Amino acid sequence: MEIIRDKEFVQTFNYNARNFAYEEENGTPETRVHIQIQLIEDVPDQSDADTVLNASVEFVVVLESFIVSGYIMQNNILKNKKVVEQSELSQEDMQEIAHPLLDMVRRLTMEVSEVALDQPGVNLQF
């Protein structure tokens, strides 16, 4: 599958030190990673043989001493592959589409945790 990708767009990225006193009173947040793929129809100047879609990831990752959260998105064109319903995309297709978004979460977490903690950055594994 040939994918033409726009640059990833980081809408939000937050790094927060864990507040264990707050968590004791209000509960510990849970790690969640939600990937969404939305088909975009009727795109001007786009071939009928292609599919345009928006991929996004909304995430909260709870680690030992901090939490990262945010929202990252990216527009994609699937060349010469017409998709009418999202259910037509295989799990492998969806993983390939989402890979750059998860890689951006990894990169941001690595860089920010390295600076914030003044030690080697945390490498997330998805």
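Could you pull out every one of the aspartates and glutamates with an alpha carbon less than 17 Å from that of residue 79, ignoring same-chain neighbours closer than 8 positions?
Output for residue 79: 2, 6, 41, 42, 45, 48, 50, 88, 92, 93, 96.
Using only the C-alpha atoms of segment 65-122, find the volume of their convex hull and express it per residue in Å³.
Numbers: hull volume 6.5 nm³, N = 58.
Here the figure is 112 Å³ per residue.
What ³J(HN,Hα) values, in whole Hz, does the Karplus curve 6.51 cos²θ - 1.76 cosθ + 1.60 give for segment 61-75 when θ = phi - 60°, with x put for Gly and Pro?
Listing the rounded values in order: 10, 9, 10, 4, 10, 7, 10, 10, 8, x, 8, 10, 9, 7, 8 Hz.
Report the net charge of residues surrounding residue 49, where surrounding means a beta-carbon distance below 12 angstrom and charges are Lys +1, Arg +1, Asp -1, Glu -1.
Neighbourhood net charge equals 0.
Can you give the convex hull volume of the alpha carbon atoms of segment 26-126 per residue, in Å³? Don't skip to the end; give the middle numbers.
Values: hull volume 13.2 nm³, N = 101.
So the per-residue hull volume is 131 Å³.
Length gain on complete extension for the stretch residue 81 to residue 126, per 0.36 nm per residue less the alpha carbon to alpha carbon distance?
13.5 nm is the gain from fully extending residue 81 to residue 126.
Arranged by the count of other C-beta atoms within 10 angstrom, fewest first, what order do 101, 53 take?
Ranking 101, 53 by Cβ neighbours within 10 Å, fewest first, gives 53, 101.
Efficiency by 1/(1 + (r/R0)^6): what FRET value for residue 62 and residue 96, r their Cβ-Cβ distance, R0 = 25 Å, to the nearest 0.05?
The computed FRET efficiency comes out at 0.40.
Tell me which trypsin sites (Lys or Arg not before Pro) from segment 67-126 have a DSSP coil assignment and no more than 15 other beta carbons within 10 Å of their own.
Details: sites: 79, 81, 82, 106, 107; in loops: 81, 82.
Of the trypsin sites (Lys or Arg not before Pro), the ones in loops of segment 67-126 whose Cβ has at most 15 other Cβ atoms within 10 Å are 81, 82.
What is the extension gain from residue 41 to residue 28, computed as 0.36 nm multiplied by their sequence separation minus the C-alpha to C-alpha distance, in nm to one decimal?
0.7 nm is the gain from fully extending residue 41 to residue 28.
Can you give the angle from 0 to 90° between the axis of helix 91-117 and the longest principal axis of the chain, with both taken from C-alpha atoms, to the nearest 10?
Approximately 30 degrees, to the nearest 10.
None of the figures in this text is laboratory data; all of them are computed from the coordinates on show. Keep in mind that what you see is a predicted model, and the values were worked out from it rather than measured. Reconstructed Cβ throughout: ideal geometry from the backbone, glycine too, with neighbour counts over all protein chains shown.
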